[in-house]
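Colleague: Have a look at this one before I ask anything.
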Amino acid sequence: MATLGDIGVSALINILTAFVFLLAFAILRIQPINDRVYFPKWYFNGGRNSPRGSRNFVGKYVNLNICTYLTFLNWMPAALKMSETEIISHAGFDSAVFLRIYTLGLKIFFPITIVALLVLIPVNVSSGTLFFLKKELVVSDIDKLSISNVRPRSIRFFAHIGLEYLFTIWICYLLYKEYDNVAQMRLNFLASQRRRAEQFTVLVRNVPHSSGRSTSDSVDQFFHKNHPEHYLSHQAVYNANKFAKLAKKRARLQNWLDYYLLKFERHPDKRPTTKTGWFGICGRRVDAIEYYKQQMKDLDARMALERQKIIKDPKAILPVAFVSFDSRWGAAVCAQTQQSKNPTLWLTNWAPEPQDVYWQNLAIPFVSLSIRKLVISLLVFALVFFYMIPIAFVQSLANLEGLERVAPFLRPVIELKFIKSFLQGFLPGLALKIFLYILPSVLMVMSKIEGHVAVSALERRAAAKYYYFMLVNVFLGSIVTGTAFEQLDSFIHQSPTQIPRTIGVSIPMKATFFITYIMVDGWAGIASEILRLKPLVIFHLKNLFMVKTERDRAKAMDPGSVEFPETLPSLQLYFLLGIVYAVVTPILLPFILVFFAFAYLVYRHQIINVYNQHYESVGAFWPHVHSRIIASLLISQLLLLGLLSTKKAANSTPLLVALPILTLFFHKYCKNRFEPAFRKYPLEEAMAKDTLERSTEPDLNVKAFLADAYLHPIFRSFEEEELSEVKVEKQKSPVHDDSSVSELSSPSPPHIVDEHHNHHPQSPPHYIYHPQSPPHFVYPSYPPHQYAYSYDPEH
């Protein structure tokens, strides 16, 4: 078991690692060659140009201004300058609410840490019961600071029970206030938003088949009959997954053609050539420009045939439609009511915003969704128990004394001082972090198979699966397997009636393992987040070998959104650890507090400068955050109840029984009071917004505004951009000016949009290429957030 010395070694290793990461980040971020890696958000918003344009050859790669190296920590105060309102304008509502989770952690644990350390540490230390059990159990100095050190039947347990009540009241108070604030912020944000397509649009699924009538006609007739005053139009959804693959291939061919055209422009005296074989390595050598033009011509013919096949085939039209209304009120009534006497038909819900639609899953038959969810649930269950094997291995590293008693031949190696400190103080947390590395990607694939039709919903479901995994494997699994390894000798030699007592004493002792995990994941791991070493290497490799056009460069530097499926469950694990161990082993709390403070600073910087949120769910994940903190409270109360029962505290234990019941009542009240704001749109708000809009814009043509918002990807086409639009500017060119712009296309020829996103006369709303979208789909562009905040690349 890890001692104070082992924890000290782990703390030293992780603090040094975090310091090295922060120092490396401070130096790398001011180098001109890395500017697009550490400030991509400003490039996408159009608030930053490359600092390499006006410098000499060396200055394009290395920052030669010595003064900037002396102020390498200025990113910290800069990250704290932007207010929450400005963050919402700059990065979106989801990003601002995500940061509030960290401030909630600080508000919860700062006073709890002070009270627990001042009250419980003296109570636990002065009891000294572990002194009499050290021959039976493997104990350490840290365990003497926990509740395990209190004698059975001791009156001191009233202090733990009293603080459990006090901490629960404090946490519930803050949860209530935060839920209220976020719900009100959400309603205010929705009320202040400008007109958006999803406010008028409802997604209708499981449209019944009618003989002699197409799906489109059925939808039109149904809504004309049942919503005659507000129904406007609908957009059919086609099964175009095969067409999408062809469009991806065309995008790659277009990129190669752009590359060779640029190459020929720079060297007009020599026509570029390529080989027709595998990856251009083998085969006959031909003129590259003519070759790719012919390839695209042939592919365009295939795409045209596939498009006509889809349009003419009635079976290609899915029993799904995006139905638009002339008012928010009409859309709200439809989205939030039952449409048919058969509750399985004409299912309506709010449409995701166009950027949030996951088109592939719209083709999944509705009847198969329940089966898919059942199969995935079984697979997740199996995966959780499969991962018990590596978790048990990690715990064996954390409990070497228990193994030594059973396997004494390992003792000569394990007893080497540095190796023992490294194995117990650092390696367990690192090993667990490695085993968890690929899990979020696997869970995201499972969520896609389940059939969710919005990217935000996919991420929330993946986050839920990851949370259950962290709860069962990382928390409960570490306690159970760790206790078994740690007290292996005790389990083997004592009578079965004594095993519950041994487990009850041993649970608080797992705090040493969780302390090492917090330092590895929450200290060094957060420092590695801001360093962005992996994106840095990948960007330069892509820039060196794969970037042929400015569109490629935009893809290469796109950081994506905050990884909610991985970050939110990890955050909730820290809430769980802090709440559970606040009364049991309060020495863990300072480590939790450092994590929340450091992570808040780092993610504030990343949201302002790096992450480019691709959708806006308006804080739809907050009810899940609230519910899982409540779950942490219940787990804490039940564990303390079980622990006290093993300590024979019969007089004090019944006082805890009421606490879980009161907590559940509080959760039910909050759910009824605040959750509807995240699930439904109040008709009162919808009517007020519509009335205001009609008074300020009496000539508004809503039908024209919504005409192409949810147009299926098969009706969008790629047009060859002008050479100036795809040209790679080695010296300068912000991404927002040079990224490829494509225009909406129905079966008729598309309108043209210039490279500065200005409409030509009589053109519809333009559509702009999005780096994360499928190559066949272009999203409607919204004006960038107007926020006068920028960073000088030299500072």
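The values are calculated or read from the model by the stated rules, or taken from the named source; none is laboratory data. All values derive from a computational prediction rather than experimental measurement. Counting neighbours? That spans all protein chains shown, and the Cβs are built from the backbone with ideal geometry, glycine included. With ligands, DNA and RNA removed, areas are computed over all heavy atoms of the protein, side chains included. Shrake-Rupley method; radii C 1.70, N 1.55, O 1.52, S 1.80 Å.
Colleague: Near Val580, within a Cβ-to-Cβ distance under 12 Å, what is the net charge of the other residues, with Lys and Arg +1 and Asp and Glu -1?
Modeller: Values: positive: Lys510; negative: Glu164.
Surrounding charge for Val580 is 0.
Colleague: So how far apart, in nm, are the two label points at Asn74 and Leu476 if each is 7 Å from Cα heading toward Cβ?
Modeller: Distance between the two pseudo-spin positions: 5.2 nm.
Colleague: With a probe of 1.4 Å, find how much accessible area the stretch 200-351 has per residue, and write the answer as a whole number in Å². If you can, show how the numbers build up before the last one.
Modeller: On the way: 8340 Å² over 152 residues.
Using a 1.4 Å probe on heavy atoms only, each residue of the stretch 200-351 averages 55 Å².
Colleague: Hey, quick one: spin label on Leu638, modelled 7 Å out along Cα-Cβ, who in the stretch 663-703 has an amide N within reach, i.e. under 13 Å?
Modeller: 664
Colleague: Convert each backbone phi in the stretch 572-589 into a coupling constant with the Karplus relation 6.51 cos²θ - 1.76 cosθ + 1.60 (shift: θ = phi - 60°), then list the ³J(HN,Hα) values in order as whole Hz, x for Gly and Pro.
Modeller: Karplus values, whole Hz, x for Gly and Pro: 5, 5, 5, 4, 4, 4, x, 6, 5, 8, 4, 9, 7, 9, x, 5, 6, 4.
Colleague: How do 358-365, 268-275, 445-452, 197-204 rank on mean C-beta neighbours within 10 Å, highest first?
Modeller: Details: 358-365: 17.5, 268-275: 12.1, 445-452: 19.2, 197-204: 23.4.
The packing order, highest mean first, is 197-204, 445-452, 358-365, 268-275.
Colleague: Limiting things to C-alpha atoms, what are the Rg and the maximum Cα-Cα separation (Dmax) for the stretch 200-351, in angstroms?
Modeller: Final numbers for Rg and Dmax: 23.6, 73 Å.
Colleague: Where does each of 522-529, 568-575, 177-184, 373-380 land if you order them by average Cβ count within 10 Å, highest first? Please report the intermediate quantities before stating the final value.
Modeller: Values: 522-529: 21.9, 568-575: 23.8, 177-184: 17.2, 373-380: 14.5.
Highest mean packing first, the order is 568-575, 522-529, 177-184, 373-380.
Colleague: By DSSP, what percent of the beta bridges with both residues in the stretch 200-351 are antiparallel, rounded to the nearest 5? All intermediate terms of the calculation are to be shown ahead of the outcome.
Modeller: Numbers: 19 of 19 bridges.
Of the beta bridges lying entirely in the stretch 200-351, close to 100 percent run antiparallel.
Colleague: Please give the net charge around His209, taking every other residue with its beta carbon less than 13 angstrom from that of His209, where Lys and Arg add +1 and Asp and Glu add -1.
Modeller: +1
Colleague: Let me ask you something else. Would you work out what percent of the accessible area of the stretch 200-351, with all protein chains in place, is carbon or sulfur (probe 1.4 Å)? Walk me through the numbers before you get to the answer.
Modeller: Details: 4370 of 8340 Å².
Result for the stretch 200-351: 52 percent of the exposed heavy-atom area is carbon or sulfur.
Colleague: Another one. Expected output is a single nm value to one decimal: the length gained when fully extending between Lys312 and Ile66, i.e. 0.36 nm times separation in residues minus the C-alpha distance. What is it? Mind dumping the intermediate values first?
Modeller: Values: separation 246, 0.36 × 246 = 88.56 nm, distance 6.67 nm.
Fully extending the segment from Lys312 to Ile66 adds 81.9 nm.
Colleague: Now a separate question. Modelled label-to-label distance, Arg194 and Val594, 7 Å Cα→beta-carbon offset: nm?
Modeller: Between Arg194 and Val594, the simple spin-label model gives 4.7 nm.
Colleague: Before anything else, pin down the relative contact order of the stretch 200-351: Cα pairs under 8 Å, at least 6 apart, normalised by residue count, whole percent.
Modeller: Details: 202 pairs, mean separation 70.9, N = 152.
Across the stretch 200-351, relative contact order equals 47 percent.
Colleague: If R0 is 35 Å, what FRET efficiency do you get for Leu369 and Leu533 from their C-beta distance, rounded to 0.05?
Modeller: Values: r = 40 Å, r/R0 = 1.14.
E(calc), rounded to 0.05, equals 0.30.
Colleague: Subtract the Cα-Cα distance of Val445 and Met687 from 0.36 nm times their separation in residues, and report this length gain in nm to one decimal.
Modeller: Details: separation 242, 0.36 × 242 = 87.12 nm, distance 3.97 nm.
Here the answer is 83.2 nm.
Colleague: Turning to a different aspect of this structure: If r is the Cβ-Cβ distance from Ser126 to Asn181 and R0 is 51 Å, what FRET efficiency results, to the nearest 0.05?
Modeller: 0.80
Colleague: Right, another one. Sort 630-639, 324-333, 535-544 for me by packing, meaning the mean count of neighbouring Cβ atoms within 10 Å per residue, highest on top. Could the numbers behind the result be given before it?
Modeller: Values: 630-639: 20.2, 324-333: 22.6, 535-544: 14.8.
Descending packing order for the listed peptides: 324-333, 630-639, 535-544.
Colleague: Obtain the nm distance between the two label points defined at Val20 and Asn543 by a simple spin-label model: each point lies 7 Å from its Cα along the Cα-to-C-beta direction.
Modeller: Reported label-point gap for Val20 and Asn543 is 2.4 nm.
Colleague: Let me ask something additional. Could you give the length gained on full extension between Ile281 and Asn672, defined as 0.36 nm per residue of separation minus the Cα-Cα distance, in nm?
Modeller: Values: separation 391, 0.36 × 391 = 140.76 nm, distance 6.40 nm.
Residue separation times 0.36 nm, minus the Cα-Cα distance, leaves 134.4 nm.
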